[in-house]
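Student: Would you mind keeping the following structure in view while I ask a few things?
The values are calculated or read from the model by the stated rules, or taken from the named source; none is laboratory data. Every value quoted in this text rests on a predicted model; they were computed, and no experiment measured them. Neighbour counts are summed over all protein chains in view; Cβ atoms, including those assigned to glycine, are modelled from backbone coordinates with ideal geometry. Protein only, heavy atoms only, side chains kept; ligands, DNA and RNA dropped before computing areas. Shrake-Rupley method; radii C 1.70, N 1.55, O 1.52, S 1.80 Å.
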Amino acid sequence: SVLLAYEINPNLTERDVEPLLSNYTSKRRLPASKVVECVSSITVVTREELCSPSRVKRVVLARQIAMFLIRKLLGEEFSYKQIAYLFNRKDHTTVIHAIRRITMELDRGNEEVLRIVRQVTAALGAQ
């Protein structure tokens with residue numbers, strides 16, 4: 001996989017991850033449910049938990065990564081409001097916050113977030 005060919009680098013930023021994600025744009029007609037399913041599987045957080053109001057750290061992180069990846073992989077195909085609806089959220093600002101947070105974590109070189117993003121993207125590319 002293209003993603004797994006890179007070493008984890010604490011100086012890796014979202015700009016470095018962006019070209020890796022560009023291979024998985026909405027041209028593939030990837031269903032958002034596949035992204036959610038893949039994040040659920042890799043993070044061991046159930047789909048029900050992802051869509052629940054839970055604020056447990058592992059659930060919040062998985063949910064935010066799923067929101068980030070849906071927006072990055074599917075582009076404009078899904079609006080912030082539609083993504084919020086997928087996760088039973090009342091407001092599109094929750095999605096905006098999630099995308100900003102994951103972007104910030106990638107820019108900081110958060111290895112856990114980078115690992116999950118890489119694994120999900122690689123798994124989706126294999127399907």
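Student: Given the C-alpha centroids of the range 36-61 and the range 77-127, what is the distance between them in whole angstrom?
Tutor: Cα centroid of the range 36-61 versus Cα centroid of the range 77-127: 12 Å apart.
Student: Additional query: With all protein chains present and a 1.4 Å probe, how do Ile96, Ile70 order by accessible area, largest first?
Tutor: If we order Ile96, Ile70 from most to least accessible, we get Ile96, Ile70.
Student: Select from the range 35-119 those GluC sites (Glu not before Pro) which occupy a DSSP coil region and have at most 14 other Cβ atoms within 10 Å, ordered by residue number.
Tutor: On the way: sites: Glu37, Glu48, Glu49, Glu76, Glu77, Glu105, Glu111, Glu112; in loops: none.
Here no loop site has a sparse enough neighbourhood.
Student: Ranked from the most accessible area to the least, with a 1.4 Å probe and all protein chains present, what is the order of Thr121, Thr43?
Tutor: I get Thr43, Thr121, largest accessible area first.
Student: Are there trypsin sites (Lys or Arg not before Pro) in the range 45-127 that DSSP puts in a loop and that have at most 16 other Cβ atoms within 10 Å, and which ones?
Tutor: Answer by residue number: Arg55, Lys90.
Student: Could you state how much accessible area Ser41 has, in square angstrom rounded to the nearest 10, with a 1.4 Å probe and all protein chains kept in place?
Tutor: Looks like 90 Å² after rounding.
Student: Could you tell me the accessible area of Thr46 in Å² (1.4 Å probe, neighbours in place), rounded to the nearest ten?
Tutor: Taking all protein chains as shown, Thr46 has close to 60 Å².
Student: Around Ser40, under 14 Å between beta carbons, what's the net of Lys plus Arg minus Asp minus Glu among the other residues?
Tutor: +1
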